[in-house]
Amino acid sequence: MAIYDQVAFTGESTHFQTYVGQLDLWMEARVYQLNQQPPQLAVLFTNITEGKKPNAIKLFYSRSVIASAR
């Protein structure tokens with residue numbers, strides 16, 4: 001909630017990425033202030049799972065290599 005509160009009260013847009021474990025999805029959220037009084041926000045969610053998969057495979061491979069070297 002801190003991210004949304006910050007946008008609501010400062011008017012400064014932001015974006016972040018998060019993993020939603022229940023859905024096994026990576027999401028990117030873009031948060032914009034629509035109105036200052038009363039505070040209103042718009043949030044655009046984008047599923048970025050496909051773009052994250054190559055990175056997850058690289059990370060898994062890197063960890064496997066490090067673990068096998070021990």
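The values are calculated or read from the model by the stated rules, or taken from the named source; none is laboratory data. Please read these numbers as outputs of a predicted model, since none were measured by experiment. So basically every Cβ, Gly included, is an ideal-geometry build from the backbone, and we count neighbours across all protein chains shown.
Side notes on the structure shown:
- Whichever residue in segment 16-46 is surrounded by 13 or more Cβ atoms within 10 Å (Cβ to Cβ) and closer than 14 Å to Gln6 by Cα and, among such residues, is modelled with the lowest pLDDT: Pro39
- Condition check for Gln6: of a type in the set (S, T, N, Q), surrounded by 11 or more Cβ atoms within 10 Å (Cβ to Cβ) and part of a helix (DSSP H, G or I): yes
- For segment 47-68, the criterion of a residue being modelled with pLDDT of 90 or more and either among the basic types (Lys, Arg) or outside any helix (DSSP H, G or I) (or both) is satisfied by at least one position.
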